[in-house]
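The values are calculated or read from the model by the stated rules, or taken from the named source; none is laboratory data. Note that the coordinates shown come from a computational prediction; the quantities given were computed from them, not determined experimentally. Using ideal geometry, Cβ is built from the backbone for each residue, glycine included, and neighbour counts are taken over all protein chains shown.
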Amino acid sequence: MLIVAALGGNALLKRGEPLTAENQRRNVRRAASALAALIGEGHSLVVTHGNGPQVGLLALQSAATPETESFPLDILGAESAGMIGYMIEQELANLVSTKSFATLLTLIKVDPRDSAFAHPSKPIGPLYDEATATRLADERGWAIAPDGDKWRRVVPSPRPLEILEVSVISYLVEREVVVICTGGGGIPVIACGDGSIAGIEAVIDKDLASSLLARQLKADMLLMLTDVDAVYVGYGTSDQRALGEVTAAELAGHNFASGSMGPKVSAAIEFTEATGKPAVIGRLEDALYMVEGRRGTSIKAQPPA
Ligand code: ADP
Ligand code: MG
């Protein structure tokens, strides 16, 4: 089976953990062992990942010296995908000696008129108290928004429309290479009038980008690996209920948090409705069981009437 496995930000860094190389490597190692189990079962794997904390940190580092100009977000996104992809590739290769691996930068077309550019919503970088976030927003021209009881910088998150390297990724997958790509949701680019492309300042949601990739690759399954064991209705309330197997239509009838479960559910619905194949959302450690349908929330297309 060809599986597109999307690693959540927490697979790389647990909430509240300082972003050090050592912490990242420990978490990546944990993720690699869950992914290695899928390869061990004979599945073909394409690995994608988020970059929220990492791209925000790179932005801070890039702006840290007054003498140097800060890099735009598309370039920082490419840097973050190199950094994280390198670690994933290395840790996976250390566990699986029978496969070849390739980490690829992935350019994704977005619409410059996407309404997301006027409404920044994607949190990146560290958590701040309100006063610090407000000061930084003034000093640096950031948009900020609450994230739990803290505040974070937010940037535009346009819809991914087309993955430019999909034929290269397919070529590698057909040759049994394990590909790590669409890091941080891919690098957002726009088509210019003269046929060229240019980067644009944004961070694409990695679940929506992974869903697009899975559709373009005609994958058999989209696996979204995070820190919660299932999709819940009434999440956080006293009568929350975990969903096992659901149809896209059933899920579409509920509301999910926009910054976290919402994009995963949308990504799952878009994949399953386009391909008829399942999307599964659950905990990283349960990856193998999720593929077997024994854990997580499995989303399927509506069976024909
Ligand atoms: P990732 O980095 O893996 O994309 P997110 O933080 O974006 O992780 O999404 C996973 C989080 O979504 C969980 O930690 C959980 O707290 C939150 N969440 C919000 N609504 C729900 C829900 N309805 N069911 C399960 N988890 C939810
Ligand atoms: Mg997320």
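Overview of values
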item	result
Filter pass, ALA145 being buried (at least 24 other Cβ atoms within 10 Å of the Cβ), of a type in the set (Gly, Ala, Ser) and touching a residue at least 12 places away in the same chain (Cβ under 8 Å)	no
Among (1) over 25 Å from GLU89 (Cβ atoms); (2) in a loop (DSSP other than H, G, I, E, B); (3) touching a strand residue (DSSP E or B) at 6+ places or on another chain (Cβ under 7 Å), the one test that ILE190 misses	(2)
Residue match in the stretch 234-241 (condition: assigned to a loop (DSSP other than H, G, I, E, B), small (Gly, Ala, Ser) and touching a Phe, Trp or Tyr at 6+ places or on another chain (Cβ under 9 Å))	no
Some residue of the stretch 285-304 being in contact (Cβ under 8 Å) with a residue 12 or more places away in the chain, closer than 24 Å to LEU2 by Cβ, in a loop (DSSP other than H, G, I, E, B) and within 13 Å of ligand 1 (Cβ to nearest atom)	yes
Residue selected from the stretch 54-72 under the condition aliphatic (A, V, I, L, M) and in contact (Cβ under 8 Å) with a residue 12 or more places away in the chain, by the criterion farthest from LEU7 (Cα to Cα)	ALA63
Scope the stretch 245-294; condition under 25 Å from ALA34 (Cα atoms) and among the aromatic types (Phe, Trp, Tyr); matching residues	PHE271, TYR289
Which listed residue, of ALA6, ALA59, ALA31, is buried (at least 21 other Cβ atoms within 10 Å of the Cβ), of a type in the set (A, V, I, L, M), within 16 Å of ligand 1 (Cβ to nearest atom) and within 30 Å of ILE197 (Cα to Cα)	ALA6
Filter result (within 13 Å of ligand 1 (Cβ to nearest atom) and aliphatic (A, V, I, L, M)) within the stretch 251-284	LEU251, ALA257, MET261, VAL265, ALA267, ALA268, ILE281, LEU284
Residues of the stretch 251-282 classified as of a type in the set (A, V, I, L, M, F, W, C) and within 12 Å of ligand 2 (Cβ to nearest atom), total	6
Selection count, the stretch 225-250, where residues are in contact with a Leu (Cβ under 9 Å, 6 or more places away or on another chain) and either among the hydroxyl-bearing types (Ser, Thr, Tyr) or within 12 Å of ligand 1 (Cβ to nearest atom) (or both)	8
Count of the stretch 198-233 residues which are aliphatic (A, V, I, L, M) and not in a strand (DSSP E or B)	14
Long-range neighbours under 8 Å by Cβ, at least six apart or interchain, first residue at pLDDT 95 or above within the stretch 32-53, second polar (S, T, N, Q) and away from ligand 2 (no atom under 16 Å from the Cβ)	ALA32/ASN94
Candidate set from the stretch 225-245 (those that are among the hydroxyl-bearing types (Ser, Thr, Tyr) and more than 22 Å from the chain's Cα centre (by Cα)); member that is farthest from ligand 2 (Cβ to nearest atom)	SER238
Selected residue (only one of SER121, SER115 is within 24 Å of the chain's Cα centre (by Cα), exposed (fewer than 14 other Cβ atoms within 10 Å of the Cβ) and within 19 Å of ALA209 (Cα to Cα))	SER115
Condition check for GLY42: within 16 Å of ligand 1 (Cβ to nearest atom), surrounded by fewer than 22 Cβ atoms within 10 Å (Cβ to Cβ) and on the phi > 0 side of the Ramachandran plot	no
Hey, SER80 within 16 Å of ligand 1 (Cβ to nearest atom) and within 29 Å of MET290 (Cα to Cα) or not	yes
Per-region count, the stretch 213-246, residues touching a residue at least 40 places away in the same chain (Cβ under 8 Å), surrounded by 16 or more Cβ atoms within 10 Å (Cβ to Cβ) and farther than 15 Å from TYR289 by Cα	10
